[in-house]
Every structure is written in structure tokens, then in C-alpha cells.
Amino acid sequence: MLVSMTSTINRRWSPLLPVALAVLGFGLAAGSPRALAAELAVEISIKDHKFQPATLNVPAGTPIKLTVRNLDDTAEEFESYELKFEKVIAGKQTAVVRLKPLERGTYSFFGEYHADTATGELIAE
């Protein structure tokens, strides 16, 4: 009985599988360019409690993979209110921050443990 029910279901739905896959593929291809955009890799370092470079220019509308390398011996926190992100990076360690596509604008960031010197901005153009 189970075999015949499975067989009936397979016969009924298998002709629709190519159509479903084509519709799914068309939907993905017709998606917004932002959803299909390749991720841009960007690197920044923390050295002597300062971000280097302090200003990052990135294209607007592109997902960003930001690698933050803490070259200092002590921990620092990469934080941004505008980007809605914070991450503690131990001394001599690296962290990856993934950002969704950004609208044009300037987004400030800072190191909470040394906010007087560890400051920077990401400019989406």
C-alpha cells in the first residue's frame, strides 16, 4: 500500500518538478542586484589603539566582509552605532564583521576601550 501511494505521488508531482525549478531559478535571477552582489573584502588594523586606515571607502549597495586585525597586545572592541555592530577582538587576534549592503553615507566606528584614539569612518559611495 505504501509503495503504491508513493508511486502515485511521484507520478503526480514529478512532471511539475522542472517547472518548479525553472520558476525558482527565474525568481532568483530576477532578484535585486543587491541580493546577488558579490561580497567585497576589506581589511583594517588596530595598532597603537588606532584604526589603520581610519577611513574606509566602499561602494554603496554591496555586502562587505570587513576583516579587523588587532595588532596590539590588549583587546579592543570594534563598535558602531550606525552599523549596529560591536565585537571584542582579543590582542593579536583577527575578527570578521559582515555588513549588509549599505546606503550612501558615512558610518562612524570606534574602539570602546580606547575611544579617545581608536576612531574611524566607513564611507559608502
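Any read-out appearing in this document is the output of simple, stated calculations on the displayed coordinates, not a laboratory observation. If you're wondering where the values come from, they're calculated on a predicted model, not measured in any experiment. FYI the Cβ positions are ideal-geometry reconstructions off the backbone, even for glycines, and counts take in every protein chain you see.
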Study note, to complete from the structure: The number of residues in region 99-117 that are touching a His at 6+ places or on another chain (Cβ under 9 Å) and of a type in the set (Gly, Ala, Ser) is 1
Exercise for review: Identify, from the list 111, 91, the residue that is of a type in the set (Gly, Ala, Ser) and surrounded by fewer than 17 Cβ atoms within 10 Å (Cβ to Cβ).
Suggested key: 91
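Tell me which residues, restricted to region 70-104, are hydrophobic (A, V, I, L, M, F, W, C), touching a residue at least 40 places away in the same chain (Cβ under 8 Å) and closer than 19 Å to residue 115 by Cα.
The answer is 89, and nothing else.
Do we find a residue being among the hydroxyl-bearing types (Ser, Thr, Tyr) and more than 17 Å from the chain's Cα centre (by Cα) anywhere in region 62-74?
yes
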Revision key, fill the gap. Screening 67, 62 for residues that are under 25 Å from residue 114 (Cα atoms) and β-branched (Val, Ile, Thr) leaves only 67
